[in-house]
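Reviewing the structure listed below.
Throughout, read-outs are computed from the coordinates displayed, never taken from laboratory work. What you see is a predicted model; the values in this text were computed from it and never measured. Note that each Cβ is placed from the backbone with ideal geometry, even for glycine, and that neighbours are counted across all protein chains shown.
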Amino acid sequence: MAEYIDVDVRPILRAGGEPFSVIMAALDNLEPGQGLRLYATFKPIPLFAVMANKGFAHSEQPLDGGEWEVLFTPAGAAPEQARAAVPASSFDDWPDPTVKLDNRDLDPPEPMVRILAAADKLHPGETLSALLRREPVFLFPQLEKRGFRWLGGFTPDGTTYELTVRAPS
């Protein structure tokens, strides 16, 4: 598991500053195998591609007040956490997806509508996979309300969110 160095750029952002140089300086000071834990006042989507080009995958989670915690993990190291409604270890037991959706060319809310419609047609225990341009944060509560479990994350290049959904057994 990677060790993370914390970088909190929220004060810089609240003061109207630009934290990119602070983030890059912290990145330059990382030891081999270390990752960066970033705290920001918004989801720093443009930074995902920059960090992917530097060999870092990311996982993110919202905090209170619209703020975000993002883990940038060096390629090949295990991230500390993943966005999931199921423990990652039990994901290994899931069957291959029976439905595969590529929603990257669709605008919201169409990806969510398509995923929910396809998920409702799954038989107990079946899975579907979906490719998206962004993390479907509004979809997660809908899936959980219907009893579905899910696991998802961005590809290392930060351009595609891969989601797997499993129907209740």
Can you tell which of L163, V113, P95 lies farthest toward the positive end of the dipole of the chain, using +1 and -1 charges on the Cβ of basic and acidic side chains (Lys, Arg; Asp, Glu)? V113
Label point at N29 placed 7 Å out along Cα→Cβ; residues across the range 1-22 whose backbone nitrogen lies under 15 Å: 4-9, 20-22
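How much length is gained if the chain between E69 and F20 is pulled fully straight, taking 0.36 nm per residue apart and subtracting their Cα-Cα distance, in nm to one decimal?
Working: separation 49, 0.36 × 49 = 17.64 nm, distance 1.58 nm.
Gain in length upon complete extension: 16.1 nm.
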Just how large is the dipole of the range 83-166 about the Cα centre, in debye to the nearest 20, putting +1 at every Lys and Arg Cβ and -1 at every Asp and Glu Cβ? 240
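Relative contact order for the chain using alpha-carbon pairs under 8 Å, separation at least 6, rounded to a whole percent?
On the way: 303 pairs, mean separation 35.0, N = 169.
Relative contact order, the chain: 21 percent.
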Estimated vicinal HN-Hα couplings, Hz - the range 128-140 in sequence order (Karplus 6.51, -1.76, 1.60; Gly, Pro = x): 10, 10, 9, 9, 9, 7, 9, 5, x, 4, 7, 6, 3
So how strong a dipole does the chain carry about its Cα centre when Lys and Arg Cβ are +1 and Asp and Glu Cβ are -1, to the nearest 20 debye? 460
Taking a crude spin-label model, label points 7 Å out from Cα along the C-beta direction, the W94 to Q61 distance in nm is 1.8
Rounded to the nearest 500, the 222 nm mean residue ellipticity computed for the chain from DSSP H runs (n ≥ 4, each -39500 (n - 2.57)) alone is -7000 deg cm²/dmol
